[in-house]
Amino acid sequence: IIQFQRDIDKKIIESLKKDNYTFDNPLIIIDPYKINPLSAYVCFKTDKQTKINTYIIGKNEKNSIHQTFPLNQIHILPIFGLYADHNNKVIIEIYQGRRKIINIPIDHIPYIDSLVIESKIEHHTLKNQFLMFSSPVTWFDYSLPFAIDDSGEVRWIIQKPFNFCIKQLNNGHFLASTGKVIKQPYFTDGLYEFDWMGKIYSYYNVPNLFHHDFFELINGNLIVLTNSNIEDSLEDSLIEIDRNSKKIIKTWNYKDFINPDDCRKHGSSKKEDWFHNNSVWYDSTNDSVILSSRHTDAIFSLNYTTQEINWILSNPIGWNKDIVKKYFLKPKYSSFNYTYGQHSARIMDNGWLCCFDNHYFGKDSPDYVPAKDSYSRAVCFKINLQDNSVEETFSFGEKYYSDLFSSYISNITPYSPSNYLVHFGGLSFENGEVSNYSGPKGFKRGVDMESKTFEIDNGEITLYCHTRGNYYRANKMNFKVKDYSFN
């Protein structure tokens, strides 16, 4: 795919050198990489270096997209956020000069039609942003990454199964799994760094295969989740990749800091998948890494330099008593509600811990609760390390009961202590009732897979989107391009 894209780039450059494409007669290439059908390059030369403004005219004024591209004489402008089944009007404008309207017709794309079931989004919640949904795994034949505007219109979709989390990097690019499954059900060969066009800039190989999550450090390096031994010990290792050399400069095996026999056993755990690390977050304030372990129902904080445990948040039942005494956070109030099978654990700017509590025990657990009697929630905790106490500060989801029960995947993104995006990505239903089957088993069974995403701001729901299909995470992504250069 990288070589294919490189060949396309060479052809674009050759065409611009050979033919007289001008501001009045630009070269327009729709979906240049055959990966993002809602994109195009607009290419031309100008007599002197100039900035260029572009405007994609929205179906209503608030959904128009404005970009400014830096000084250049050869202009290869990425136009993304186009509408399917629509004759898109795009304005190109020379800085402090002439403007021209061009038409970019995009064909009907059948599978886009039924993605969004319902959406209600207040305009201010997505200013200069799209709401992007990332695909959980590659066995969904209809679950491709896509993004919508605040009218619920699909404005971006990738026709390759880049899966698990998609995160926007500090340089504005994205990082996601390649989607190339080497070992079932979802272990892939590594990560692609790409832009809104779907153009790939870097490939990061993960020798013991990638799963679930990564984190970009301040210096640009990547903490990446992997496996200590892909044959018999899964989802219990991380590496740090040097962004420049692509070399691995740190490797952790989680058995070095915790003995699997000392841990609580989730009802879905197996010997080789004892930890099941499904999220990673780095807290620069105290050089700690936060790991969510689905199969021990625990969130770990560890010193990233020494690998020593700072604290563990989990129901103490089932754990080695010495571990509990030494590392466990203690609830401040007796009514404390622990998390089970959680995802998306992270530290907020104010020091609170938040995660998506799937509240799923696993079908082999003595505590198993059928889906109809279950719930999931987003939750935040305040931690006081002076007395090792923990208390709940925010929760959303319980009052909807099983209607929002998501036994797997899903995420929470905090913007402030009173403002959160919460994504219930693993909903499943049969005959209008919540199903006990989800993920691969639900897919094979033919259950109705759905997702629901909310933004809660000071107790008010300002964003709601109901989509068809299960999606790993949902997040807002900034579509404003800065310091763009075609290379």
Between PHE69, LEU16, GLY152, whose Cα lies farthest towards the positive end of the dipole of the chain when Lys and Arg beta carbons carry +1 and Asp and Glu beta carbons carry -1, centred on the Cα centre? LEU16
Could you grab the relative contact order for the chain? Cα pairs under 8 Å, six or more apart, rounded to a whole percent. 11
If every Lys and Arg gets +1 and every Asp and Glu gets -1 at its Cβ, then about the Cα centre the chain yields a dipole, in debye to the nearest 20, of 1100
Can you tell me the orientation of helix 2-18 relative to the chain, as the angle in degrees between its alpha-carbon axis and the longest Cα principal axis, to the nearest 10? 20
Place a point 7 Å from the Cα of SER151 in the direction of its beta carbon; the residues of region 41-62 whose amide N falls under 15 Å from it are 56-62
Based only on Cα atoms, what Rg/Rh ratio does the chain have, Rh being taken as Kirkwood's radius? 0.99
With the 1.4 Å probe rolled over protein heavy atoms, region 189-311 has an accessible area per residue in Å² of 36
Backbone N under 14 Å from the ASN350 label point (7 Å along Cα→Cβ), restricted to region 372-388: 380-384
Label point 7 Å beyond Cα of ILE91 along Cβ direction - residues of region 46-68 with amide nitrogen under 16 Å: 52-68
Highest-first arrangement of 275-285, 307-317, 403-413, 111-121, where packing means the average Cβ count within 10 Å: 403-413, 275-285, 307-317, 111-121
Residue-ordered couplings for region 448-456, obtained by feeding phi - 60° into the Karplus form 6.51 cos²θ - 1.76 cosθ + 1.60 and rounding to whole Hz (Gly and Pro as x), are 7, 9, 9, 9, 9, 10, 10, 10, 10
Enumerate the aspartates and glutamates that LYS444 could reach by cross-link, defined here as Cα to Cα under 15 Å, with residues fewer than 8 away along the same chain left out. ASP141, GLU430
Of ILE309, ILE1, PHE454, which is farthest on the positive side of the dipole of the chain, counting Cα position, with +1 on Lys and Arg Cβ, -1 on Asp and Glu Cβ, and the Cα centre as origin? ILE1
Sites THR305 and TYR368, calculated FRET efficiency, Cβ-Cβ separation with R0 45 Å, nearest 0.05: 0.70
Show me the ranking of peptides 166-177, 450-461 by mean Cβ neighbours inside 10 Å, starting with the highest. 166-177, 450-461
Rounded to a whole number, what % of the accessible area of the chain do carbon and sulfur atoms account for, probe 1.4 Å? 47
If you stretched the chain out fully between ASP24 and SER114, how much longer would it get, using 0.36 nm times the residue separation minus the C-alpha to C-alpha distance? 28.6 nm
Starting from the Cα of ILE461, step 7 Å along the direction of its Cβ; do the same at ILE13; then give the gap between the two resulting points in nm. 5.1
Give the list, by residue number, of cysteines in the chain with no other Cys Cβ closer than 4.7 Å, or say none. CYS43, CYS165, CYS263, CYS355, CYS465
Going by a ≥ b ≥ c, the root eigenvalues of the Cα gyration tensor, does region 158-228 fall in the rounded group (a/c under 1.5), the prolate group (a/b larger than b/c) or the oblate group? oblate
Rolling a 1.4 angstrom probe over the protein heavy atoms, how many square angstrom per residue are accessible across region 23-145? 46
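How would you rank 192-198, 20-26, highest first, on the average number of other Cβ atoms within 10 Å across their residues?
My ranking of the peptides, most packed first, is 192-198, 20-26.
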Of SER410, GLY397, ILE383, which is farthest on the positive side of the dipole of region 351-487, counting Cα position, with +1 on Lys and Arg Cβ, -1 on Asp and Glu Cβ, and the Cα centre as origin? SER410
Per-residue ³J(HN,Hα) for region 158-174, Karplus 6.51 cos²θ - 1.76 cosθ + 1.60, θ = phi - 60°, Hz, x for Gly and Pro: 10, 8, 10, x, 4, 10, 6, 5, 10, 10, 8, 7, 4, 8, x, 6, 10
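The values are calculated or read from the model by the stated rules, or taken from the named source; none is laboratory data. As the structure is a prediction and not an experimental result, all values here were calculated from the model. We place every Cβ from the backbone using ideal geometry, glycine too, and count neighbours over all the protein chains shown. Each accessible area value is taken on the protein alone, full model and side chains, heavy atoms only, with ligands, DNA and RNA left out. Shrake-Rupley method; radii C 1.70, N 1.55, O 1.52, S 1.80 Å.
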